Amino acid sequence: MKTILTALVVEALLLVASASIVSAQDWMKLDPKMLKLLVDTTLIRAYEVTLAPGEKSNMHTHPAGFFYALTDVKINVHYSDGDTVLSEGKAGDSGFGDPERPHWIENIGNKPVKWIELELKEHPYKKAGEITMSKTFMQIVSEAMAEVPGISPQEAQRRMKDDPRTLVVDVRDAADAVQTGVIPGALNISLGMLAVRADSELPEELRHLSLQNRSRPVITTCALGPNGARGAKELKDMGFTNVCYLSGGMQAWVDAGFQTEPPK
């Protein structure tokens, strides 16, 4: 476990995160018997979560962070707005999680489940004024996620089925998109070129015809979610009225068992 935790800590530090923990719904304070604190620094906080069969948590929130499954996991995530999402995984699964709105969880399996949560906190030098950049990457991501909604792979698939006009835009670089494939029918336009392709005043040869209708439903995605959120906010700033991003990115899509295809 020490090796796993060390790897997660290193990955978190590389992100230089700035998402603050919401103390009013701090899970550690609400369910102390369910959580075992592992690390708590100015940059990160990590804890081990254990849920017995049928056990439920209190309502809480999360900042952005990482997770690592120590056992197979099968839980229901119940959101404060009434949505319920089934979350399943195998021991050894890991990934990045977006900031979560208020929710509580329930172990619906017949065995205890365990995983490690690693939460990203504010950079320690920010308050001391020792960093010259005005915003960190995770600040930009957090602001984007506050501006545009994230949806699950299941919801994305439903929207694509219900409205064939729905456009999926994968904002990864082409070389990265080739490695995992893209959602069937998706456009692969890198984040750096998205504003150009979506512009309505640049020469026609620079624009993409599929991105000229500001009312068209658009779902953006990337590898894990953060850049998808940035792309969605960029489109919203350009006048798109029905845009969202895929929470968890292509990793979540593949983990859900949905199909992919080579980028075109």
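The values are calculated or read from the model by the stated rules, or taken from the named source; none is laboratory data. Only a predicted model underlies this, so the values are computations on that prediction, with no experimental measurement involved. Virtual Cβ from ideal backbone geometry, glycine too; neighbours counted across all protein chains shown.
Only residues that are surrounded by fewer than 19 Cβ atoms within 10 Å (Cβ to Cβ) and of a type in the set (D, E, K, R): list them for segment 208-235, please.
ARG214, ARG216 - these are the residues of segment 208-235 that are surrounded by fewer than 19 Cβ atoms within 10 Å (Cβ to Cβ) and of a type in the set (D, E, K, R).
Within segment 95-105, which residues are in contact (Cβ under 8 Å) with a residue 40 or more places away in the chain and either surrounded by 16 or more Cβ atoms within 10 Å (Cβ to Cβ) or of a type in the set (Val, Ile, Thr) (or both)? Working first, answer last.
To start, the set of residues in segment 95-105 that are in contact (Cβ under 8 Å) with a residue 40 or more places away in the chain comprises 95-99, 101-105.
Within segment 95-105, GLY95, PHE96, GLY97, ASP98, PRO99, HIS103, TRP104, ILE105 qualify.
Which one of these does ASP163 not meet: (1) surrounded by fewer than 16 Cβ atoms within 10 Å (Cβ to Cβ); (2) modelled with pLDDT under 95; (3) not small (Gly, Ala, Ser)?
Against the list (1) surrounded by fewer than 16 Cβ atoms within 10 Å (Cβ to Cβ); (2) modelled with pLDDT under 95; (3) not small (Gly, Ala, Ser), ASP163 comes up short only on (2).
Going by the structure shown, is ARG230 farther than 23 Å from LYS135 by Cβ and either basic (Lys, Arg) or assigned to a strand (DSSP E or B) (or both)? First the steps, then the outcome.
Details: farther than 23 Å from LYS135 by Cβ: no; either basic (Lys, Arg) or assigned to a strand (DSSP E or B) (or both): yes.
Considered against the rule, which asks whether it is farther than 23 Å from LYS135 by Cβ and either basic (Lys, Arg) or assigned to a strand (DSSP E or B) (or both), ARG230 comes out as no.
Please count how many residues of segment 151-186 are closer than 20 Å to GLY97 by Cβ and in contact with a Gly (Cβ under 7 Å, 6 or more places away or on another chain).
Count: 1.
Can we say GLY129 is at pLDDT below 80 and either assigned to a strand (DSSP E or B) or buried (at least 17 other Cβ atoms within 10 Å of the Cβ) (or both)? Can you show your working first?
Numbers: at pLDDT below 80: yes; either assigned to a strand (DSSP E or B) or buried (at least 17 other Cβ atoms within 10 Å of the Cβ) (or both): no.
No; evaluated as a whole, the condition is false for this residue.
Of the conditions (1) closer than 21 Å to THR241 by Cβ; (2) assigned to a helix (DSSP H, G or I), VAL169 clears all except one; give me its number.
(2)
Which residue pairs have Cβ atoms under 7 Å apart, sit 6 or more places apart or on different chains, and have a first residue in segment 218-243 that is at positive phi and a second that is in a helix (DSSP H, G or I)?
Sorted first by the residue in segment 218-243, then by its partner, the pairs are GLY225/GLY249.
Of everything in segment 143-156, what is part of a helix (DSSP H, G or I) and surrounded by fewer than 18 Cβ atoms within 10 Å (Cβ to Cβ)? Give them in sequence order.
Step one: of segment 143-156, the residues part of a helix (DSSP H, G or I) are 143-147, 153-156.
Of everything in segment 143-156, those that are part of a helix (DSSP H, G or I) and surrounded by fewer than 18 Cβ atoms within 10 Å (Cβ to Cβ) turn out to be GLU143, ALA146, GLU147, GLN154, GLU155.
Quick one: VAL254 ticks every box in (1) assigned to a loop (DSSP other than H, G, I, E, B); (2) surrounded by fewer than 19 Cβ atoms within 10 Å (Cβ to Cβ) bar one, so which box is it?
Going through (1) assigned to a loop (DSSP other than H, G, I, E, B); (2) surrounded by fewer than 19 Cβ atoms within 10 Å (Cβ to Cβ) one by one, VAL254 breaks only (1).
Quick one: what pairs do we get from segment 177-205, first residue part of a loop (DSSP other than H, G, I, E, B), second surrounded by 18 or more Cβ atoms within 10 Å (Cβ to Cβ) and of a type in the set (A, V, I, L, M), C-beta under 7 Å, 6+ apart or different chains?
What qualifies is ILE183/VAL168; GLY185/VAL168; ALA186/VAL168; ALA186/VAL169; ILE189/VAL169; ILE189/VAL171; SER190/VAL171.
Of these, ALA256, ALA252, ALA232, ALA198, which one is out of contact with any Asp or Glu (no Cβ under 6 Å at 6 or more places or on another chain) and either of a type in the set (S, T, N, Q) or under 17 Å from ALA146 (Cα atoms) (or both)? Working first, answer last.
Numbers: ALA256 fails: either of a type in the set (S, T, N, Q) or under 17 Å from ALA146 (Cα atoms) (or both); ALA252 fails: either of a type in the set (S, T, N, Q) or under 17 Å from ALA146 (Cα atoms) (or both); ALA198 fails: either of a type in the set (S, T, N, Q) or under 17 Å from ALA146 (Cα atoms) (or both).
None of the other options fit; the residue is ALA232.
So in segment 70-84, with the set limited to residues that are farther than 18 Å from PRO112 by Cα and in a loop (DSSP other than H, G, I, E, B), which one is modelled with the lowest pLDDT? Give the steps one after another, and end with the answer.
Here is the first cut: in segment 70-84, the ones farther than 18 Å from PRO112 by Cα are 78-84.
Remaining after also requiring in a loop (DSSP other than H, G, I, E, B): 80-83.
On the way: SER80: 83, ASP81: 79, GLY82: 85, ASP83: 86.
Ranking the qualifying residues of segment 70-84, first place goes to ASP81.
Does GLN259 meet the test of being part of a helix (DSSP H, G or I) and surrounded by fewer than 23 Cβ atoms within 10 Å (Cβ to Cβ)?
Values: part of a helix (DSSP H, G or I): no; surrounded by fewer than 23 Cβ atoms within 10 Å (Cβ to Cβ): yes.
Taking the combined requirement at face value, the residue does not satisfy it.
Starting from residues that are of a type in the set (A, V, I, L, M), at pLDDT 90 or above and within 23 Å of LYS90 (Cα to Cα), keep the ones in segment 29-69 and report whichever is farthest from the chain's Cα centre (by Cα).
For segment 29-69, the residue satisfying everything is ALA52.
Could you please find all residues in segment 85-116 being in a strand (DSSP E or B), out of contact with any Phe, Trp or Tyr (no Cβ under 6 Å at 6 or more places or on another chain), among the polar types (S, T, N, Q) and more than 15 Å from SER247 (Cβ to Cβ)?
Once the filter is applied, which keeps residues that are in a strand (DSSP E or B), out of contact with any Phe, Trp or Tyr (no Cβ under 6 Å at 6 or more places or on another chain), among the polar types (S, T, N, Q) and more than 15 Å from SER247 (Cβ to Cβ), segment 85-116 yields only ASN107.
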